[in-house]
Amino acid sequence: MDVIAQTWHALLRLLASPFNQGMQTFLLKFFPYVFLFELPIYLLILLGIIRYFIRKDQSIPENRLYSPKISCIALCYAEGDEVKRTIISLAEQIYSGSIEILAIIDGAHQNRHTYLAAKSMEAYVARLPNRILRVIPKWQRGGRVSSLNTGLELSTGEIVMALDGDTSFDNDMVSHAAPHFENPNIVGVAGSLRVRNVFQNLITRLQAIEYLLSIHASKVGLSEFNVVNNISGAFGIFRKSYLLKMGGWDSGTAEDLDLTIRIKQYFGRYKKLRIRFEPRAMGHTDAPDTFRGFYDQRLRWDGDLFFVYVRKHFRSFNPRLVGWRNMIMLMWTGLFFQIVMPFLIIAYTTYVFIVYPAGFVLAVFILIYLFYLFITVVFYVAFITMISERRKEDLRLAPFLPLIPFFTFSMRIWNGVATLKELFERSHLDSSMAPWWVLKKTKF
């Protein structure tokens, strides 16, 4: 109770006369993290969102004569009957061109249920015009990259979509994504993802907000400046000829970020190349529905970031390869935000609790919380008014916005834990995305 009273009195003093209560010294320590590193990227993304909103009515028309053949590589492992929903959502696209669905069943011997579920859809797809389903069993498991390269080799379409076998799609997804490739300089398009089990419980709601703001809204803004940070492994769209020239996907883990960086390595020499984000090309995926499942997932994801940025692609931080714009963004939103920032936050939080009285620190942290809540609300309002295609559903998430600063802080701390795990244990070699005998053979 004494700490609460001290916090309340310190907060009142800070609000009444902040620069006479030690706030100035505190802000001088806090200032570099927020105003020099975080706030500029928030403003850049917000500017991109406004730019997208202004020009979207003049964007690519939906009805086009350009309708290339699309090859959808659906990566299947242990999805079971869920793969049927994915196949149906791809086969029933309102797209005049041909769609080829390649269901790659990795480890089909032990995942026979998934294999039979996919095979059962062949007759259904065969009845639909311009739709082909090819179920390709890989009896020995080889992992995601093995399945992706198998699908790439067997595909016959001009455009290749890399998709998770448990992800379903809006029926206008292809018609929104494909027209981008009429521009020969477009080599990749990042599709958008929503949380399908959004209203299951608290953790799925928080992840849904994260997807809307940190993934959906952020990529809209970054795409306007050709600095999309990642093409999601669950939903990425590529020009096949470009992938073949690059040699397809590379072995290892975090294959989505790895491929995105490898694509960008040509941007320094070929200035017109572009990666786009298409917010109307919508996929739906189930998020982890327990806090333990969520943090286990992020332990792998965040550890993979260190592996990709530091162990594998440290030479990519070169303007001659990726261009100045993307190099700055790789350093800024990748290396600093994802690798360095979590440790600064941990060190900073520990330091201020040691140096300053607990009541004063908690009072200042309340002000910091209110600052990040304000940022969250601004982005949420921008998303609802300028991007969202499901406003009624997204507005139901508004009551949970006050929890997002805490949620984000916990993810930053966990990011640091994941980085340490990768640093000392090389945890990417324990990834569930590929068996150990595949990962151990890579040079990384």
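The values are calculated or read from the model by the stated rules, or taken from the named source; none is laboratory data. Because the structure is a prediction, the values reported are computed rather than measured. The protein model used for the area step is the full one, side chains on, heavy atoms only, and it has no ligands, DNA or RNA in it. Shrake-Rupley method; radii C 1.70, N 1.55, O 1.52, S 1.80 Å.
Some notes on this structure:
- Semi-axes of the equivalent ellipsoid for the range 223-337, computed as √(5λ) from the eigenvalues of its C-alpha gyration tensor and ordered from largest down, come to 24, 18, 14 Å.
- Over the range 87-224, the Kirkwood radius and the radius of gyration, each from Cα atoms, give a ratio Rg/Rh of 0.98.
- Exceeding the 21 Å Cα-Cα cut-off - candidates 240/264; 271/312; 219/264; 84/138: 271/312
- Note on exposure: 249, 414, 139 ranked by accessible area (1.4 Å probe, complete protein assembly) read 139, 414, 249, with the most exposed listed first.
- Applying 0.36 nm per residue to the separation of residue 336 and residue 67 and subtracting their alpha-carbon distance, the gain on full extension is 92.8 nm.
- Applying the Karplus relation 6.51 cos²θ - 1.76 cosθ + 1.60 with θ = phi - 60° to the range 191-199 yields 3J(HN,Hα) values of x, 9, 10, 10, 7, 6, 9, 4, 9 Hz, where x marks Gly and Pro.
- Here the Karplus curve 6.51 cos²θ - 1.76 cosθ + 1.60, taken at θ = phi - 60°, turns the phi angles of the range 73-78 into couplings of 8, 8, 7, 10, 9, 10 Hz, with x standing for Gly and Pro.
- When the chain is treated as a Gaussian network with alpha carbon springs shorter than 10 Å, the biggest mean-square fluctuation among 75, 321, 154 belongs to 154.
- Compactness of the range 283-323 - radius of gyration and Dmax, Cα, Å: 15.1, 44
- Orientation-averaged projection of the range 239-299 equals 6.3 nm² [convex hull of Cα atoms, one quarter of hull surface area].
- Span-like helix criteria (full DSSP H runs; alpha carbon extent of at least 27 Å along the helix axis; mean Kyte-Doolittle hydropathy of at least 1.6) are satisfied in the chain by 358-386.
- Working from Cα pairs under 8 Å separated by at least six residues, relative contact order for the chain is 19 percent.
- Rolled with a 1.4 Å probe across the full set of protein chains, the surface gives residue 327 an accessible area near 30 Å².
- D by Stokes-Einstein for the range 151-277, Kirkwood Rh over Cα pairs, 10 °C, 1.306 mPa s: 102 µm²/s.
- Of all DSSP bridge pairs formed entirely within the chain, close to 25 percent run antiparallel.
- When restricted to Cα atoms, the chain yields an Rg and a Dmax of 23.1, 76 Å, respectively.
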